[in-house]
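Take a look at the structure below.
What follows is calculated from the coordinates using simple rules that are stated; it is not laboratory data. None of these values were measured; they are calculated from a predicted model. Virtual Cβ from ideal backbone geometry, glycine too; neighbours counted across all protein chains shown.
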Amino acid sequence: MARIRLESVRHSYREQPASEADWALKRVDLEWQDGGAYALLGPSGCGKTTLLSIVSGLLRPTSGRVFFGERDVTDLAPDQRNIAQVFQFPVVYDTMSVYDNLAFPLRNRGVPAAEVDARVREVAALLDLEAMLPQRAAGLTADGKQKISLGRGLARADVNVIMFDEPLTVIDPHLKWRLRSKLKELHQRIGMTMVYVTHDQTEAMTFADQVVVMHEGAIVQVGTPIELFERPRHTFVGHFIGSPGMNVLPCEIEAGQARFAGVPLAAAERAAPGARTEIGVRPEFVRFAEAGVPVRVARVADAGRHQIVETHHGDTVIRVLLKEGERVPGENARLAFDPAHTRLYVDGWMAGEAA
Amino acid sequence: MLALRDVARRVDGRTHIHPTGLELRAGGFNTLLGTTLAGKTTLMQLMAGLLPPSAGQVWFGGRDVTGVPVQKRNVAMVFQQFINYPNFSVYENIASPLRVARRPDAEVRARVGKIAELLQLTPFLARRPAELSGGQQQRTALARALAKDAELVLLDEPLANLDYKLRESLREELPRLFADRECTVVYATTEPGEALLLGGHTATLHEGRVTQFGPSGAVYREPVDLVTARVYSDPPINAARVTKADGRIRLAQGVEWPAPAGLADGEYTLGLRPHHVVPATNDRAGVQVDCKVLIAEISGSESVVHFELDGLTWVSLSHGVHGFRVGDRARFALEVDRGLYFALDGARVGG
């Protein structure tokens, strides 16, 4: 096990990167503590897979260094880094039994039979696979197969880190809950460093202690799930985290006071006028009120446990989250924003926190 | 309108689809909700004419189309395993059904442009499918289905491979897009949340059987049986054995409450959705229980806590952030007035 550190890592898939847009990874400095549970979160094309491949050794970065503990591993091949990976699609030998699947990486390394047996049974117990050991892997459900992929990584004693690349994509929702809880529980029990790559905020937030949010080849915020929800440093994070995401509304600044649609808004931050100033407020912190921003209710979506109300002020869409069964006003609706959860952004960044 | 009349499908003596009656109206979203292998894809293939039913009839627009092959029906389909014309550009892929229908160039340009914009494909119109990411290829297939003026549109988990945020916006846009068209849309998904947000009607499927069909919110809130409640719940609905006697419902030692009207004495299964099990605070009503926390997850706006009660694992889902730690003891309120009661054969009973 080891601490993982990336120092000034940049990567371009082009021979001669010319402009900023040619860099798949712009510049990444990152540290993962030994035993932590991390998520790498972002949309397609944000650079998260590139970053993962650099850590696992499948890609050599254009510049910068990668360290496992004190050791510089930048030039080491993947098989010399002792990393276990779990991919989107389970990698399982269908013709083998569950037992032989788990034993495979150990036997490959010439581990004595008695030790193989002990490890396999230990891992099977961790993953609730004991009863299935003699079964052929072919007959298992998708989540069972994904557990085997994971189990093969756990079986090896020398693993530095387990990396998951969108591991729940092919798993049904009701099984996702089970497997996700299992991963979380596993991390709490064995304390191995785990890195979970996903575009799905719920998976990232529920699994990780620290979430690394990526956007256009750069890290925009590293934080706990609560920090990302309550204090998104960038409007991208506000929009990307949360379902629906944060409302981002253009605003004017007059004497440090933000105004939207002529209505003064109390924000947690104050700012001098910038090139582009915006208010960020999550749908959870907007409510219908007597006074405030006048809006027209355009649509109400029933999400079961809550309702998502889409309102319009001119061309600006403002979403409001209401409880199940709560009344939606008809005519003359007005919105109030919770001041403690209303943030001010200047050129995309939270006021007072530059890039 | 699309009607299935006692349509069944058997292969080598095994039943894939039990006799099914279903009437889907034009102009609304009809969602088939069920787990993988519940029969969603088979049912769609029967609707399209890709598979012949072993029994029953398929009616479309007042006509029996049971033996009519898919080419002779005006059907558009998008499957999870998307298909595009590899030699065509993205533009020509989207335009292909309009070309077949010999629409004028100006109209083709306008429609392709609008649909490409909606699906965020505008920058890629000149590329070939092989030069696209999986998500972009899927969007191209979806765009082609939207461009075609089909009477029946079948969408089989079309968003499954897409990014979360794109899925979120398409979930909003898709029903809007079909709102003013006179076509019947059938949409298959494994996700209860998606079925609800799409609005319209939901048919819940379980092991080749449609268990309920109705307005999505009604099926969600008033499931006819426990199977339907389970299919339409994410996270999974809490289900526990309870006993009714002496006018009270008893869940465990010391955990009981007044019985709702209309329940005979006996054993039932109580179904309580995770968001009706919340951390207990003083001002909360409900039946309170003291439990050990097994798993605590925070998803930003919501907290999910798994705890053990009377040998069963329960799931609580609540707004806001709660600082529970694994192994803590904590009090939860069961909002039993929101509970659903099922007879032991699974049928829902009482109000």
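If R0 is 51 Å, what FRET efficiency do you get for A:Gln80 and A:Glu254 from their C-beta distance, rounded to 0.05?
Values: r = 60 Å, r/R0 = 1.18.
My answer for the efficiency is 0.25.
Restricting attention to the alpha-carbon atoms of region A:189-314, what are Rg (one decimal) and Dmax (integer), both in Å?
For region A:189-314, the Cα-based Rg and Dmax read 17.2, 55 Å.
Name the residue from A:Ala275, A:Pro250, A:Ala298 whose Cα lies farthest towards the positive end of the charge dipole of region A:246-349, charges +1 on Cβ of Lys and Arg and -1 on Cβ of Asp and Glu.
So the residue furthest toward the plus end is A:Ala298.
Stokes-Einstein diffusion coefficient for chain B at 10 °C in a medium of 1.306 mPa s, Rh from the Kirkwood formula over Cα pairs: what value in µm²/s?
70
Across all directions of projection, what mean area in square nanometres is found for the Cα convex hull of chain A?
Its average projected convex-hull area is 21.3 nm².
Obtain the nm distance between the two label points defined at A:Val317 and B:Arg325 by a simple spin-label model: each point lies 7 Å from its Cα along the Cα-to-C-beta direction.
4.2
Starting from the Cα-Cα distance between A:Thr141 and A:Arg299, subtract it from 0.36 nm times their residue separation and give me the gain in nm to one decimal. Could you put the intermediate results ahead of the total?
Values: separation 158, 0.36 × 158 = 56.88 nm, distance 3.92 nm.
Between A:Thr141 and A:Arg299, full extension yields 53.0 nm more.
Can you give me the relative contact order of region A:4-230 as a percent, contacts being Cα pairs under 8 Å and 6 or more apart?
Values: 413 pairs, mean separation 67.5, N = 227.
This gives 30 percent for region A:4-230.
Treating region B:238-349 as a set of equal point scatterers at the Cα positions, no solvent, please give the Debye-formula log₁₀ I(q)/I(0) at q = 0.12, 0.17, 0.24 Å⁻¹.
Relative scattering, expressed as log10 I(q)/I(0), comes to -0.41, -0.79, -1.37.
How large is the convex hull of the C-alpha atoms of region A:246-349 per residue, in Å³? Let's see the in-between values first.
Values: hull volume 10.1 nm³, N = 104.
In region A:246-349, the Cα hull volume divided by residue count equals 97 Å³.
Can you give the FRET efficiency for A:Asp117 and A:Glu70, using 1/(1 + (r/R0)^6), R0 = 25 Å, r = Cβ-Cβ distance, to the nearest 0.05?
Step by step, r from the Cβ atoms, then E = 0.10.
Return the distance in nm (one decimal) between the two label points of a simple spin-label model at A:Ile226 and B:Ala55, each offset 7 Å from Cα along Cα→Cβ.
Here the answer is 5.9 nm between the modelled labels.
What FRET efficiency comes out for B:Asp149 versus B:Thr122 if R0 is 25 angstrom and r is the Cβ-Cβ distance? Round to the nearest 0.05.
After rounding to 0.05, the efficiency reads 0.70.
Among B:Gln57, B:Val227, B:Gly350, pick out the residue whose Cα is farthest towards the positive end of the charge dipole of chain B, where Lys and Arg carry +1 and Asp and Glu carry -1 on C-beta, about the Cα centre.
After comparing all options, I get B:Gln57.
Using a Cα distance threshold of under 15 Å, what count of lysine pairs results for region A:4-230 when pairs must be 8 or more residues apart or interchain?
7
May I have the convex hull volume per residue, in Å³, for the Cα set of region B:4-147? Walk me through the numbers on the way to the answer.
Values: hull volume 20.9 nm³, N = 144.
Convex hull of Cα atoms, per residue: 145 Å³.
Using alpha-carbon pairs under 8 Å, 6+ residues apart, how would you state the relative contact order of chain B in percent?
On the way: 727 pairs, mean separation 56.0, N = 351.
Result for chain B is 16 percent.
In what order do A:Thr277, B:Thr202, A:Thr316 fall by count of nearby beta-carbon atoms within 10 Å, going from fewest to most?
Numbers: A:Thr277 19, B:Thr202 29, A:Thr316 15.
By the 10 Å Cβ count, ascending: A:Thr316, A:Thr277, B:Thr202.
Only residues of region A:240-260 count here: report those whose backbone N is under 17 Å from the spot 7 Å along Cα→Cβ of A:Glu290, or say none.
The answer is none, because no backbone nitrogen lies closer than 17 Å to the label point.
Return the calculated 222 nm mean residue ellipticity for the protein assembly as shown, to the nearest 500 deg cm²/dmol, obtained by summing -39500 (n - 2.57) across DSSP H runs with n ≥ 4 and dividing by the residue count. It would help to have the intermediate numbers written out before the result.
Numbers: 16 runs with 168 residues, N = 706.
Rounded to the nearest 500, it is -7000 deg cm²/dmol.
Run the numbers for B:Asp345 and B:Thr15: contour at 0.36 nm per residue of separation, minus the present Cα-Cα distance, in nm.
Here the answer is 116.6 nm.
Be a star and scan region A:296-324 for residues whose amide nitrogen sits under 17 Å from the point 7 Å along the Cα-to-Cβ vector of A:Asn332.
Under cut-off, by backbone N: A:296-297.
Which part of region A:47-75 falls in the paramagnetic zone of A:Arg27, meaning amide N under 16 Å from the point 7 Å along Cα-to-beta-carbon?
Inside the label zone: A:62-65.
Which lysines have a Cα lying under 29 Å from the Cα of B:Lys148, excluding residues fewer than 8 positions away in the same chain?
B:Lys40, B:Lys72, B:Lys114, B:Lys165
If you stretched the chain out fully between B:Val70 and B:Ala101, how much longer would it get, using 0.36 nm times the residue separation minus the C-alpha to C-alpha distance?
9.5 nm
Counting Lys and Arg as +1 and Asp and Glu as -1, each charge on the Cβ, what is the dipole of region A:4-230 about the Cα centre in debye, to the nearest 20?
440
Can you bin the protein assembly as shown into rounded, prolate or oblate? Criterion: square roots of the alpha carbon gyration tensor eigenvalues sorted a ≥ b ≥ c, rounded for a/c under 1.5, prolate for a/b above b/c, oblate for the rest.
Cα axes put the protein assembly as shown in the rounded bin.
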